[in-house]
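Quick notes on the structure that follows.
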Amino acid sequence: SHSFDHGDVCFIIMAGALVSFMIPGLSFLYSGLARRKSALSLIWIVSASNAVAIFQWYFWGYSLSFSPTATNGFMGNLENFGLMHVLDGPSPASSLIPALLYAFYQMECACVTVAIIVGGIAERGRFLPAMVFTFLWMTLVYCPIACWAWNINGWGYKLGVLDFAGGGPVEIGSGVGGLAFAWVLGPRRDKTLNNFRPHSVSMVNLGTFILWFGWLGFNAGGAFGANMRAVMAVWNSMLAAGFAGAVWCALDYRIQRKYSMVGLCSGIIVGLIAATSASGYIPPWAAVLMGIYTGAICNFATKIKFYLGVDDSLDIFAQHGVGGIVGLLTNAFFASSSIISLDNVSTNAGGWLDHNWKQLYVQIAYIIAACSYTFVVTALLAHYINTVPGLHLRTTAEGEALGSDEVEVGEYANDYIEVCRDVIEKNDARTSGRESSPDTIQFIMPEPTALADDRFRRPHLEKKGQRRGMHMDDLHPDMEKPVELLALPSDVRISVIA
């Protein structure tokens, strides 16, 4: 039995717990960015992918990533299948903590990765194939790339790749993988989506700050001990996030002349993404610079999906893929051996700050390998899952018009559908045949089409007198403009004209 520092062990347990709290953060972020009729489905898919990832990691994921006896440099073997022989020996990539604890922390990082990528099904994907995809994607994409960078026998590890907490397996894996998944899945059918608005911006903000909180465990945990390198990683994460958020917000302001909440949150997230790759390698002044140029580069990268014609609904590639690449390149220039050695264990050479010029080529080789491998294998995996009877990735046209919440979950993030169906329709049944009074608000339903059940069509609003205020958008996805409504006074009667 080995003796480990209790403080280090406690710290990494807490770091792993913080990373697990990123799962609800992602749930709320994705849900807030979606439209009402699919708001709960994104919370479900992120939550369920987490459960699949836990099983996969226990089953063979940890072994395929970190088994110390695999020497091919590409992927682990099954020596640690089902966590066999994983207990209190020193962990394969760090002698500071026991292998069983290392396996837990790395599992949480894997869970977050698949939670990011499954957001690619937004508003059009089916759940069961996505769960099958999650298990196989972790096995064929995440585990090999984690092995390259972090396994003591991985080719990237031997080459000297600097990837602190997951620029390759986590960020490029989820970002480039999300792009490939969305490409195979195809675009949403709704043609009014070019500038569709998130249904709950306050939830976007809540999800972002839960993510930021958890991310401190993600990045500080990469030091694998309660040491000064972990403290430096926390500082660099804060600085990169703050500056990237400000830059993204400013870039959006130059066009909209408004201070976008979604823009600020997006910038904060890309700063944290870049810090995932770099926070344990660079000095704080470099984290400030990294925040500034990452916020700018990722902001402009959101246009890439339009050039490629891929409906990357939640900008997974522009944020995670591009942010991860930028962070890995930052290491080539600004990594410093004086920062790396703050954990009193690591002795890696830094980047150009240490006159280690070849680090740039090492980082570029790793980025190209991770991006190309991820895209090709993810696209093939999604394509072949789609050909299996019963595992077609997309919902039907009618299902997409109704929304994922109705078709896949049978529950809703908010009760607007029940209000529409149970209150308005019943009111209509009671008042049908009567002449409207001046105090009656009439919902005039659109003509039926073959697309969907009329229960969910967005009503036009006609009011004798003044118009009232709250958005009822997305009940009918084919309508161009949202209708405005407000909570109605108790003496106003509602009637529906179908």
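The values are calculated or read from the model by the stated rules, or taken from the named source; none is laboratory data. Just so we're clear, the structure is a prediction, and the values are computed from it rather than from any experiment. Note that we place each Cβ from the backbone using ideal geometry, even for glycine, and neighbour counts take in every protein chain shown. The protein model used for the area step is the full one, side chains on, heavy atoms only, and it has no ligands, DNA or RNA in it. Shrake-Rupley method; radii C 1.70, N 1.55, O 1.52, S 1.80 Å.
Set side by side, the residues Thr330, Thr374, Thr347, Thr378 differ, and just one is β-branched (Val, Ile, Thr), assigned to a helix (DSSP H, G or I) and more than 26 Å from Gly125 (Cα to Cα), which is Thr330. Restricting region 144-163 to residues that are hydrophobic (A, V, I, L, M, F, W, C) and outside any helix (DSSP H, G or I), the residue that is most open to solvent (accessible area, probe 1.4 Å) is Ile152. From the list Val132, Val141, the lone residue that is surrounded by 24 or more Cβ atoms within 10 Å (Cβ to Cβ), over 15 Å from the mean Cα position of the chain (by Cα) and part of a helix (DSSP H, G or I) is Val141. Do we find that Val247 is over 18 Å from the mean Cα position of the chain (by Cα) and either crowded, with 24+ Cβ neighbours inside 10 Å or assigned to a helix (DSSP H, G or I) (or both) in this structure? So Val247 fits the description; yes. Please enumerate the residues belonging to region 280-293 that are under 13 Å from Ser337 (Cα atoms) and among the small types (Gly, Ala, Ser). Answer for region 280-293, where residues must be under 13 Å from Ser337 (Cα atoms) and among the small types (Gly, Ala, Ser): just Gly280. Take the conditions (1) more than 19 Å from the chain's Cα centre (by Cα); (2) in contact (Cβ under 8 Å) with a residue 24 or more places away in the chain; Glu79 misses just one of them, which is (2).
Within region 286-310, residues that are farther than 12 Å from Ala275 by Cβ have Cβ atoms under 6 Å from residues that are surrounded by 16 or more Cβ atoms within 10 Å (Cβ to Cβ) and acidic (Asp, Glu) in these pairs: Thr302/Asp315; Lys305/Asp312, counting only partners at least 6 apart in sequence or on another chain.
Residues of region 8-38 that are out of contact with any strand residue (DSSP E or B) (no Cβ under 9 Å at 6 or more places or on another chain), of a type in the set (Val, Ile, Thr) and farther than 29 Å from Asp415 by Cβ: Ile13, Val19.
Of everything in region 173-184 that is surrounded by 24 or more Cβ atoms within 10 Å (Cβ to Cβ) and touching a His at 6+ places or on another chain (Cβ under 8 Å), the residue that is farthest from Met232 (Cα to Cα) is Gly178. Only one entry in Ala93, Ala130, Ala122 is within 16 Å of Gln56 (Cβ to Cβ) and in contact with a helix residue (DSSP H, G or I) (Cβ under 8 Å, 6 or more places away or on another chain), namely Ala130.
Among residues of region 254-273 that are over 15 Å from Val322 (Cβ atoms), those with a Cβ under 7 angstrom from a residue that is buried (at least 18 other Cβ atoms within 10 Å of the Cβ) and among the small types (Gly, Ala, Ser), sequence gap 6+ or separate chain, pair up as Leu264/Gly245; Ile268/Ala241; Ile268/Ala244; Ile268/Gly245.
The single condition among (1) part of a helix (DSSP H, G or I); (2) touching a residue at least 40 places away in the same chain (Cβ under 8 Å); (3) of a type in the set (Ser, Thr, Tyr) that Tyr361 does not meet is (2). Part of a loop (DSSP other than H, G, I, E, B), hydrophobic (A, V, I, L, M, F, W, C) and within 23 Å of Ala165 (Cβ to Cβ): does that describe Ile282? Spelling it out, Ile282 is indeed part of a loop (DSSP other than H, G, I, E, B), hydrophobic (A, V, I, L, M, F, W, C) and within 23 Å of Ala165 (Cβ to Cβ). Residues in region 272-283: is at least one surrounded by fewer than 24 Cβ atoms within 10 Å (Cβ to Cβ) and among the aromatic types (Phe, Trp, Tyr)? Checked region 272-283: no residue is surrounded by fewer than 24 Cβ atoms within 10 Å (Cβ to Cβ) and among the aromatic types (Phe, Trp, Tyr). Is it true that Glu123 is open to solvent by 40 Å² or more (accessible area, probe 1.4 Å) and either assigned to a loop (DSSP other than H, G, I, E, B) or at pLDDT below 95 (or both)? So Glu123 fails the test. Taking the numbered list (1) touching a helix residue (DSSP H, G or I) at 6+ places or on another chain (Cβ under 8 Å); (2) assigned to a helix (DSSP H, G or I) in turn, Gly73 passes all entries but (2).
Scanning region 34-47 for residues that are assigned to a helix (DSSP H, G or I) and within 22 Å of Pro129 (Cβ to Cβ) returns Lys37, Ser38, Ala39, Leu40, Ser41, Leu42, Ile43, Trp44, Ile45, Val46, Ser47.
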